[in-house]
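**Student:** Got a structure for you, questions after.
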Amino acid sequence: MLVSAGDDPRKGRLRIILKHLVEVNVYEDEPVWAMALTIGWGAVAGVGFGLLALAEKDRVRVRTVLVADASRRTNAVNAYVSGFGPTRRIVVFDTLLREAAPDEVGSVVAHELAHAKHNDVLTGTVLGALGAAASVIAVYLVGSVPGLLDRAGVTDIGRPRAVARAAAVATVVGLVTGPLQRLVSRTVEARADTHALVLTGDPATFERMQARLSATNLADPDPNPVEFALFATHPSTVQRMAAAIAFARAHPAVPEGSTTG
């Protein structure tokens, strides 16, 4: 039992919530529906060995390449690197294999390898868990201050009125800190784009793949600046294509061609 008869009930609730938050954040990098994978080289043989070679070139240890049966749930195209250390694997959506050429698949995976190389998922997971835990602790501490509860017209932080007001405060805090979090995310994604361009040395394919991603995933290629600042977690399609053009101009001697095929 987490709560005994002699425990403060609020401490028991705190322990339960913290345990839940840690469990959720540890596994949040892997979509639940992607746990069911169509595994086999039959669907990925055309590019699989090239993707493993790309990971080796990047000095990112990857165990295997898997295909996610994403087409049953979405038309979006994507790929990601899942797991940590020796359990890392490249996961490619079957929609990406169907829609994109091998060099375009390699461009997407090169971007994802950057996240693995820089431990972005692990860092985000740890920071997310710590942030969530800090929020719960803050609510618990606020609930321990009698004066604040009196002003809210309640006697316990677990009362419905107190929960509603805490949720309102959390919403306001989220609106204030959200744009900063999105800015950090866009910075990390832009770094991964640069990494992919350097790794593949193929800005033309990168630019072409960004156009395909935008069209297939129904993304706005050049969103409203305010909307972009508030909600965008990635650079816009126009920004990413411009980065590829700038890279090509800065590296005119870079040979074009696929690294995966």
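The values are calculated or read from the model by the stated rules, or taken from the named source; none is laboratory data. Predicted model, so just to flag it, every value in this text is computed and none were measured. In this analysis, Cβ positions are derived from the backbone assuming ideal geometry, glycine residues included, and neighbour counts consider all displayed protein chains.
**Student:** Of all residues in region 94-122, which are in contact with a strand residue (DSSP E or B) (Cβ under 6 Å, 6 or more places away or on another chain) and surrounded by fewer than 22 Cβ atoms within 10 Å (Cβ to Cβ)?
**Tutor:** Asp94
**Student:** Hey, can you tell me all the residues within region 224-248 that are closer than 16 Å to Thr187 by Cβ, surrounded by 14 or more Cβ atoms within 10 Å (Cβ to Cβ) and of a type in the set (S, T, N, Q)?
**Tutor:** Those that are closer than 16 Å to Thr187 by Cβ, surrounded by 14 or more Cβ atoms within 10 Å (Cβ to Cβ) and of a type in the set (S, T, N, Q): Ser236, Gln239.
**Student:** Among the helices (runs of 4 or more DSSP H) confined wholly to region 56-168, which include 1 or more residues that are modelled with pLDDT of 85 or more?
**Tutor:** On the way: elements: 94-99, 102-117, 120-143, 146-152.
In region 56-168, the matching helices (runs of 4 or more DSSP H) lie at 94-99, 102-117, 120-143.
**Student:** On to the next question. Test Val172 against the criterion of being among the hydrophobic types (A, V, I, L, M, F, W, C) and either in a helix (DSSP H, G or I) or at pLDDT 95 or above (or both), and give yes or no.
**Tutor:** Against the criterion (among the hydrophobic types (A, V, I, L, M, F, W, C) and either in a helix (DSSP H, G or I) or at pLDDT 95 or above (or both)), Val172 qualifies.
**Student:** For a quick check of your reading of the model, give me the residue pairs whose first member lies in region 130-144 and is buried (at least 16 other Cβ atoms within 10 Å of the Cβ), whose second is hydroxyl-bearing (Ser, Thr, Tyr) and modelled with pLDDT of 75 or more, with beta-carbon atoms closer than 7 Å and at least 6 apart or on different chains.
**Tutor:** Partner pairs satisfying both residue conditions: none exist.
**Student:** Can you pull out every residue in region 89-122 that is closer than 15 Å to Arg59 by Cβ and either without any contact (Cβ under 8 Å) to a residue 60 or more places away in the chain or not charged (D, E, K, R) (or both)?
**Tutor:** Within region 89-122, Ile90, Val109, Ala110, Leu113, Ala114, His115, Ala116, His118, Asn119 qualify.
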